[in-house]
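Notes for the one structure printed next.
Please treat every number below as a calculation from the coordinates, not as lab data. Keep in mind it's a predicted model, so treat the numbers as computed, not measured. Quick reminder, even Gly has a Cβ in these numbers, built from the backbone with ideal geometry, and neighbours come from all protein chains shown.
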Amino acid sequence: MNLPAELAQGKPRHPISMETLVEKVWEDWGIGEDETAEGVISGNWQKIVGKYLSAKCAPVNLSKDGKTLQIRASSSTIKQELSFKKPEVLKQINKFKKCQKVAQLRIL
């Protein structure tokens, strides 16, 4: 992640406002555009695993192909509980737009 290309190349030479800089960075990085599957999962984590488990585990990331979700668990007990609930968790994840490809959970 770098400065927008036109700013990194030395253009413009005059000072620009912070607002302009932030807008250009957001545009270049795609911030605020289409939500990713990871964002959907993170934003709906409590709905996916329930209030109790959502406080004790969290999604880490999706594999490059979008099929495997890594989940960090706070203890071996939570890991075991998530293992038992894998089919249910996957079903909940697959209900969300952009998340239908998720087919596996890797619990860390």
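Here are the numbers for the structure shown:
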| read-out | value |
| --- | --- |
| Cα-based reach from LYS79 at 17 Å (exclusive), listing aspartates and glutamates while leaving out same-chain residues under 8 positions away | GLU88 |
| Over 30 Å (Cα to Cα) - which of LYS24/LYS56; LYS64/LYS91; LYS24/LYS91; LYS24/LYS47; LYS64/LYS95 fall in this group | LYS24/LYS56; LYS24/LYS91; LYS24/LYS47 |
| Positive-pole candidate from LEU82, ASN44, ILE71, dipole of the range 37-107, charges at beta carbon | ASN44 |
| Sequence-separation-based contact order of the range 37-107, relative, with Cα cut under 8 Å and 6+ spacing, percent | 35 |
| Paramagnetic reach from LYS85 in the range 34-63 [backbone N under 18 Å; point 7 Å along Cα→Cβ] | 41-61 |
| Total formal charge among the other residues, if their Cβ is under 9 angstrom from that of GLN104, Lys/Arg +1 and Asp/Glu -1 | +3 |
| Under 12 Å from LYS67, Cα to Cα: aspartates and glutamates that are on another chain or at least 8 residues apart | GLU38 |
| log₁₀ of I(q)/I(0) at q = 0.17, 0.24 Å⁻¹ - the range 10-108, Debye sum with one point per alpha carbon | -0.74, -1.24 |
| Inter-label distance, nm, simple model (7 Å from Cα along the C-beta direction), GLU19/GLN70 | 4.0 |
| Within the range 37-107: Cβ-based charge dipole about Cα centre, in debye rounded to nearest 20 (Lys, Arg +1; Asp, Glu -1) | 120 |
| Around LYS64: net Lys/Arg minus Asp/Glu count, Cβ-Cβ under 12 Å | 0 |
| Cα gyration tensor category, rounded, prolate or oblate, for the range 60-108 with a/c compared to 1.5 | oblate |
